Each structure stands twice: as C-alpha cells, then as structure tokens.
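Written out below as structure tokens is the structure these notes cover.
The values are calculated or read from the model by the stated rules, or taken from the named source; none is laboratory data. The structure displayed is predicted, hence computed values, not measured ones. When we count neighbours, we look across all protein chains shown, and the Cβ atoms used for this are built from the backbone with ideal geometry, even at glycine. Keep in mind that these areas ignore ligands, DNA and RNA; they rest on the heavy atoms of the full protein, side chains included. Shrake-Rupley method; radii C 1.70, N 1.55, O 1.52, S 1.80 Å.
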Protein chains: 2
Amino acid sequence: MTGVSISQFRELCQRHGLAVTHQRQVIFEALTSMPGHPSPEEVFERVRKKVPAISLATVYKAIHTFLDSGIFGEVSVHHGSLRVDRNISPHHHLVCTRCKSITDIEESDVEPVQLRRSLPAGFQVHRYAVEILGVCPRCSEQSQGNPDKQHY
Amino acid sequence: MTGVSISQFRELCQRHGLAVTHQRQVIFEALTSMPGHPSPEEVFERVRKKVPAISLATVYKAIHTFLDSGIFGEVSVHHGSLRVDRNISPHHHLVCTRCKSITDIEESDVEPVQLRRSLPAGFQVHRYAVEILGVCPRCSEQSQGNPDKQHY
DNA sequence: TCGCAAAGGATAATAATTATTAAATGCTTC
DNA sequence: GAAGCATTTAATAATTATTATCCTTTGCGA
Ligand SMILES: [Mn+2]
Ligand SMILES: [Mn+2]
Ligand SMILES: [Zn+2]
Ligand SMILES: [Zn+2]
C-alpha cells in the first residue's frame, strides 16, 4: 500500500500550480505504485480499473503535466524515432535535452566507468554507455526566446 | 566525398551474406555521408533524390538489415515509447538489450564520470547518465530458445 | 540463360502520440 | 454555498512512426 493521501496529493499539486482532479490523483497513484519504468499504455491499463471511463489521452496529458512540473522524469529524451548510429565502435553521447541533438564523444575521452558494488547476479554486461545530458550552445543562446524550437 | 565504391560495398555485403542491390547501396551511401545520427525519414529524404521511385518501406527494411548485420548501430535500444521514471534523483540504468527491461542503479553505486578532455565549448552539462547495456539473467537463460521474447 | 529465393514498390494496417472540441469540473469570488 | 470562468476531461479525429501484405522485379547460383 504505497497510497498517497488526498491531502498529500493536493499539497503536491498546489506546490506545482496544478489543479487537483480525481483522474490526476488516480494516475499519480498508479505511477507511484507501478514497478520499473511504466509506459503510458501500462498506466492506462491500470488506471482504467479504478476509473473505467478514463481516456488514454487524459493519461498522456497527465503524464506530460507531471513531467513538465518535474514531478517525474523520462527515461530517454530521444525516444521519438529510430536513430542510426554509424559509429559502431563503443562510444558515448552528448545529448541536448532541448533540441534532442546527439553528438558522439569518443570512448577514450571519458574515464572508464567504475562500479562500486556488484550488479544483480547474472547480468552480462556488454558495454557502458555514458550520456552527457544538458543544453547545447545553440539552445542556451536562444534560451529566452522560444524554448522549444528544435534544430537537429 | 565519402563515397564508397561499388566493389567495396559488394565486398561488405558478401561478408555479411547480403544481396547487393542498387537501393541498398544508395541507402548505405546516404547513411555514411550524413552527419550525426539520422532517422529513417531523413535517410529517405536524401535517398529519394538519387532514386525518386524508392519506397520508405525499403529504407526501413535496409536499415534493419544493416542493424541486424551489425554494420550500423542504434542510438537507443528503448526508443519505442515514452517510459516514465518515477525516480527523479540522478541515477543510472541497467538495460537489457534483449527484453528492453530497465532497472535503476543508484548514482552512488557508480564512480562519478570523469572526462579526459573538455566538451564542445558552451555545452551546459546537467547530469551524467550511465547506461549499463547487456543481457539480463532471465534473457541469457533462455538464450537458445526464442531470442526475441520480451518480458518487462 | 533459367529458376527461384530474396528484395523492392505501393499501400494498407498498426502503434504511439497529439489535436480538436464540446461537456464537465475545479477554483475563485461573492 | 451559488455563479462564473478557466481548466480539465472524454470522445474521437488526425498525425507520425513503423510494420505487414502482396504482387512485381531483381540478384545470384546452378
Ligand atoms: Mn553515436
Ligand atoms: Mn530510472
Ligand atoms: Zn540543443
Ligand atoms: Zn532481458
């Protein structure tokens, strides 16, 4: 029972300037009670058991609202479409969270990743990929302007 | 002029047991000549200038053929749909490339990432995200069976 | 060259996401 | 607590990304 009381949720919403709705609370509770990194579809399947009339679009909108408020995060900033990597030697990436641009960083430019404790037993590691997340020069320049203009 | 001669391409295909077709060569050349990490749509736009009659499906099929042969790579193994991360404190991920499962690794379980040289000027780093890519225990068990069964 | 498996083209189908719009609801003010 | 207005929801259409289908064409070994 990882339930969040209505008053706690109300407080959370107020802190982020969000209206408190029943749907948002149910979606929030579904998210906090699900293991791993759920997809909108998975959230929808769970939520509709409590609120059968809910719409998938409402789930998407609530999730984006939570993401925009920083209440939750997103696993991959560049999940929109397949991106081919012509560089098949191990390397890392510089990723702009604003415009989604991806730039190669040579593996030798980063110290090898060191683990402090062992991984779950039986996991076979193939490689370590470092994503350096941030804002590229071009995006930070025009940061006051329109913040969602994308240039690839 | 990063052009690849037809004989070089023919050799590459032979090495991977692929039939040599004009479309594949044009798609391959487009990929090798494009900067960054192109999407299928971008490849299609470029390729159709040379072969106007080409189909988008052919581009997708050729790209998958190249990916399956290991001639090129894919930036994100989990690009299929949005995945919410309830953990908004900085942390890392263990990713199974077989079943696409994503498991949190605490930031403190990995030594801080160290750069050996400076990044492109003006890039504002927000955080470093390490992806530990490999095969999870469950997938490596049944590795002889059906290799594309997914369990989340 | 012949024959066939493999690949391409056109297009339908599916999956993921976003847009639209009218009705319902939350929130502020009285 | 009701009124009014802005926000949110539900239903559904539209988009976008990707895959499947099906028939035609082509590459390649015999
Ligand atoms: Mn790369
Ligand atoms: Mn996570
Ligand atoms: Zn940028
Ligand atoms: Zn797995």
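Every listed requirement among (1) touching a Phe, Trp or Tyr at 6+ places or on another chain (Cβ under 8 Å); (2) modelled with pLDDT of 95 or more; (3) not assigned by TED's automatic domain parsing to the domain that holds B:Gly17 is met by B:Arg116 save one, (1).
For the range B:47-99, taking the residues that are of a type in the set (A, V, I, L, M) and more than 30 Å from B:Arg10 (Cα to Cα), the one that is farthest from ligand 2 (Cβ to nearest atom) is identified as B:Leu82. Considering the range A:113-133, and only residues there that are surrounded by fewer than 19 Cβ atoms within 10 Å (Cβ to Cβ) and part of a strand (DSSP E or B), the residue that is nearest to ligand 4 (Cβ to nearest atom) turns out to be A:Gln124. Within the range B:48-78, the set of residues being near DNA strand C (Cβ under 9 Å from one of its atoms) and open to solvent by less than 40 Å² (accessible area, probe 1.4 Å) comprises B:Val51, B:Ile54, B:Val59, B:Ala62, B:Thr65.
Can you find a residue that is under 13 Å from B:Val125 (Cβ atoms) and buried (at least 16 other Cβ atoms within 10 Å of the Cβ) anywhere in the range A:105-112? Looking for residues that are under 13 Å from B:Val125 (Cβ atoms) and buried (at least 16 other Cβ atoms within 10 Å of the Cβ), one finds at least one in the range A:105-112, hence yes. As for the range B:1-15, it holds at least one residue that is outside any loop (DSSP other than H, G, I, E, B), of a type in the set (Gly, Ala, Ser), at pLDDT below 95 and more than 21 Å from A:Ser81 (Cα to Cα). Total residues in the range A:69-90 satisfying the condition of being touching a residue at least 24 places away in the same chain (Cβ under 8 Å) and part of a strand (DSSP E or B): the figure is 0. Filtered by the rule that a residue be without any contact (Cβ under 8 Å) to a residue 24 or more places away in the chain, away from chain B (no Cβ under 12 Å), within 14 Å of DNA strand D (Cβ to nearest atom) and within 28 Å of B:Asp104 (Cα to Cα), the range A:16-45 gives a lone residue, A:Gln25.
If the condition is being assigned to a helix (DSSP H, G or I) and either under 14 Å from A:Gly73 (Cβ atoms) or not assigned by TED's automatic domain parsing to the domain that holds A:Leu12 (or both), then the range A:27-49 contributes A:Leu31, A:Thr32. Which one is farthest from the other protein chains (Cβ to nearest Cβ) among residues in the range B:91-104 that are in a loop (DSSP other than H, G, I, E, B) and open to solvent by less than 40 Å² (accessible area, probe 1.4 Å)? Within the range B:91-104, the match that is farthest from the other protein chains (Cβ to nearest Cβ) is B:Cys99.
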